[in-house]
Amino acid sequence: MGAHPGPPPGAAADERLRVYFALWPPAEVAAQLGAWQQVLHAALGGRIMRPDGLHVTLAFVGDIAAPRLPELLEIGARAGAPAASLCLDQAGAWRHNRIGWAGTRAVPPALAGLAAALADALRGAGFSVESRPWVPHVTLLRNVVRCAPVPQDLAPVRWDVSGFCLVRSRLDARGARYERLAGWPRR
């Protein structure tokens, strides 16, 4: 996926874009996570996320003015995607935001480094980013109704990361819709 030279086609100069950097799973990983969603949904209730929206956020940027998009594209290009494999091997629910998630017991150092490099570059360019540690996870459910124990005998999902992308999130009555604006393949 190539990078756009400026705001997305049709974007007005004063338009605000809600954006973030993310790892986007291949179809086979999303399908395996779909099986996890069914198990978690039975235990926790809530709303199942669409398979085409499953991802791991690397750095949430938030709302930006459309003309600042080229800065983000440059940050992504400079960061480069490391070769890494992610093993999703645990699941749970967070009470504070009512999310059911898939996560990892062992964060790959290359991905932690990428998340840190993106956050540092974003701060250096004047973007506001969270200061809390990066916790890689895939949101599988929203609005969970119970924070009950979830089965921990789910088959691990192995994900060979092929790159990362810059994503635009649009909220509407049906929830969030995601548009990948640019991507950077693994080095």
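Any read-out appearing in this document is the output of simple, stated calculations on the displayed coordinates, not a laboratory observation. What you are looking at is a predicted structure, and each value in this text was computed from that prediction instead of being measured. Glycine also receives a Cβ, built like all others from the backbone with ideal geometry; neighbour counts cover every protein chain displayed.
Listed values, structure above:
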read-out	value
Relative contact order (%) - criterion: Cα under 8 Å, at least six apart; region: the chain	34
Neighbourhood charge, 10 Å Cβ-Cβ cut-off, centred on Arg142 and excluding it, Lys, Arg +1 and Asp, Glu -1	+2
Near-label residues of segment 152-187 by backbone N, under 11 Å of a point 7 Å along Cα→Cβ of Asp14	none
Value of [θ]222 nm, deg cm²/dmol, for the chain, DSSP H segments ≥ 4, -39500 (n - 2.57) each, nearest 500	-8000 deg cm²/dmol
Amide H partners (placed H, <5 Å) of Phe164, local residues excluded	Trp184
Nearest-0.05 FRET efficiency for Ala42 and Arg105, computed from C-beta distance (R0 30 Å)	0.85
Axial C-alpha extent at least 20 Å, average Kyte-Doolittle at least -0.5 - helices from the chain (DSSP)	27-44, 109-124
Segment Asp160-Asn97, length gained on full extension (0.36 nm per residue, minus Cα span)	19.8 nm
Reported label for calculated Cα extents along the principal axes in Å given (1) 94, 37, 27; (2) 46, 37, 30; (3) 55, 34, 27	(2)
In segment 16-120, the trypsin sites (Lys or Arg not before Pro) that fall in loop regions by DSSP, at most 11 other Cβ within 10 Å	Arg95, Arg105
